[in-house]
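Chemist: If you scroll down you'll find the structure; I have some questions about it.
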Amino acid sequence: MIWRKDAWALTLALVFLAEMGRPSWAFVPSNRAFHHHPAQHHDRTATVATDRATSFVSRLPFPLEASSSSSSSVTLSTELTDDKVTQLFAWVSRAFAGDDDYNNLMLAIAVIFGDLGSTPQGNSAPAKMAQQMKERALEQLRDEEDLMGEAFSTDDREIASLGAMGAAQWTGQFKTRPHALLDVSNLTCAQDWVSTLPRGCKRTLKRAVALAEQGNFTVTHKPIVGRQPAPHSSLAHFRCVIAHEVRLLTYDETDVQGFLDALAEGVSRYMGTTRMAGDIYEYRSDDGNVIAIAHEVRKGKVIRGQWFYANDYASQNYVWFHSVYSLVERSIQAGSDNVQVVDLGPSGSDSFSQLKSKYGFQSVDDWTRLADYTGPFYYVNGTRPVDGTNRPARYEQQLQDQARFGRFF
């Protein structure tokens, strides 16, 4: 392990997978306290140590260069640039496409955000191989807005949506976190809801709607269709997800562990949202760039605000507030016979729960008592796609049966 006063030390264990002849990297914080006290960080980069695992060297299909030291350092930068996000997307796209060589996110982070190319160990065979993998992924990357997601079936998308929607609770598997709910069954228009809010909230929503009317951003509805790539499975949308997670999970530019967590979380969330059912409301800036994604799913008599990801421009232009206003407005327009509750789901922090509460979304522990998710998924034209079967409904029933016969929360 290397310790430097001007950087946060992480242990970067370099282990070689002899069967495949490629390196695998794993990050372990040298002092977990730093993750909770970012003010103690002193630099924008992190120095990490690569300890050569000698027990694996003889099994490598290529020789390692001799070194006078048993460890060397790689410096990771937390600067998030367009080029680096492009390289990360190229890498994970190969992994999602089934290329096992790229099924290693930590290696991707080391190659893309590290300084391997400018250090002595950059000449080693593993480092050169990793650099070549990055270049090969970039060569196969398509244009910024080309859809690259897998064409999941309607059944697979619906089943993939259930976990994030909280199906574990309504099927009796186990109790989830409280959900933020708004009852719209007695509302006739969005103004009925707005009129109940504090003055500051009214001003914020008015500002959000005005910015949309002024053309600061536009919104386009894009339904997710079975047997087709998700309409938000492009590099342009991936940028939003990564920017969103980095903004939420890093305390400041010196929070290296938070930055690494955000990259991993962003990749995971992008993978999750692009395999689910529902509808995408795509936000673009006045110059045409994708700035936010609002992912909604309607099932039973509930519309769930499933996911929301946005970059800094969207944050500065009240886009989240506009998305909530639009969600409530659409729910009311659907009619109380069809939609009775808007569900913004659980919150990642108390402050976000408080924010939702200010806008009328109360955190409810026994939320399935109010939010009736029983019933089919909703599709815009009112008809379930022809590729769908009753497999998701059977799956839900199986979960309920398991709970009924001995699995209760």
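Chemist: Using amide H atoms built in the peptide plane, which far-off residues or other-chain residues are under 5 Å from GLN306 H to H?
Modeler: For GLN306, the qualifying residues are HIS295, GLU296, VAL297.
Chemist: Tell me the per residue accessible area of the range 158-222 using a 1.4 Å probe; a whole number in Å² is fine. Display every interim value, and only then the final one.
Modeler: On the way: 3200 Å² over 65 residues.
That works out to 49 Å² for each residue.
Chemist: Right, next: Tabulate in residue order the Karplus-calculated ³J(HN,Hα) for the range 123-129, using 6.51 cos²θ - 1.76 cosθ + 1.60 with θ = phi - 60°, rounded to whole Hz; enter x for Gly and Pro.
Modeler: Result, ordered by residue: 8, 6, 4, x, 5, 5, 5 Hz.
Chemist: I'd like the carbon and sulfur percentage of the solvent accessible area for the range 312-397, probe radius 1.4 Å, heavy atoms only, ligands and nucleic acids excluded.
Modeler: Values: 2170 of 4560 Å².
With neighbouring chains kept in place, the figure for the range 312-397 is 48 percent.
Chemist: Also: When all C-alpha to C-alpha distances in the range 284-409 are sorted into bins of 10 Å, what percent of pairs does each bin hold, rounded to whole numbers?
Modeler: Taking every Cα pair in the range 284-409, the percentages come to 10, 33, 33, 19, 3, 0.
Chemist: What percent of all Cα-Cα pairs in the range 86-245 falls into each 5 Å bin, going from 0 up to the bin containing the maximum distance?
Modeler: 1, 7, 10, 11, 13, 13, 13, 11, 8, 6, 4, 2, 1, 0
Chemist: How large is ³J(HN,Hα), in whole Hz, for each residue of the range 253-264 in order, when computed from phi with the Karplus curve 6.51 cos²θ - 1.76 cosθ + 1.60 and θ = phi - 60°, using x for Gly and Pro?
Modeler: These are the phi-based 3J(HN,Hα) values: 5, 9, 7, 5, 5, x, 5, 5, 4, 5, 5, 5 Hz.
Chemist: Run the paramagnetic zone check for GLU253: 7 angstrom along Cα to Cβ, then residues of the range 73-89 with backbone nitrogen under 19 Å.
Modeler: Hits in the range 73-89 for GLU253 at 19 Å: 75-85.
Chemist: Where does each of TRP91, TRP307 land when they are ordered by accessible area, with a 1.4 Å probe and the largest first?
Modeler: Result of the area sort, largest leading: TRP307, TRP91.
Chemist: Under 5 Å between amide hydrogens, which residues at least 5 positions from MET148 or on another chain qualify, with H placed 1.01 Å from N in the peptide plane?
Modeler: Counting only residues 5 or more places away or on other chains, the set is SER233, SER234.
Chemist: For the range 167-242, give the percent of accessible area contributed by carbon and sulfur heavy atoms, probe 1.4 Å, rounded to a whole number.
Modeler: The value for the range 167-242 is 50 percent carbon and sulfur by accessible area.
Chemist: Kindly write out, for the range 74-80 in residue order, the coupling ³J(HN,Hα) from the Karplus curve 6.51 cos²θ - 1.76 cosθ + 1.60 (θ = phi - 60°), rounded to whole Hz, with x marking Gly and Pro.
Modeler: 10, 9, 9, 9, 8, 6, 9
Chemist: Here is a follow-up. Determine, from the Cβ-Cβ distance of ASP101 and GLN228 and an R0 of 25 Å, the FRET efficiency 1/(1 + (r/R0)^6), rounded to the nearest 0.05.
Modeler: 0.40
The values are calculated or read from the model by the stated rules, or taken from the named source; none is laboratory data. Just so it is clear, the model here is predicted, and its values are computed rather than measured. Positions of Cβ are generated from backbone atoms using ideal geometry, with glycine treated the same way; all protein chains shown enter the neighbour counts. Note: accessible area is taken over every heavy atom of the protein model, side chains too, but ligands, DNA and RNA are not part of it. Shrake-Rupley method; radii C 1.70, N 1.55, O 1.52, S 1.80 Å.
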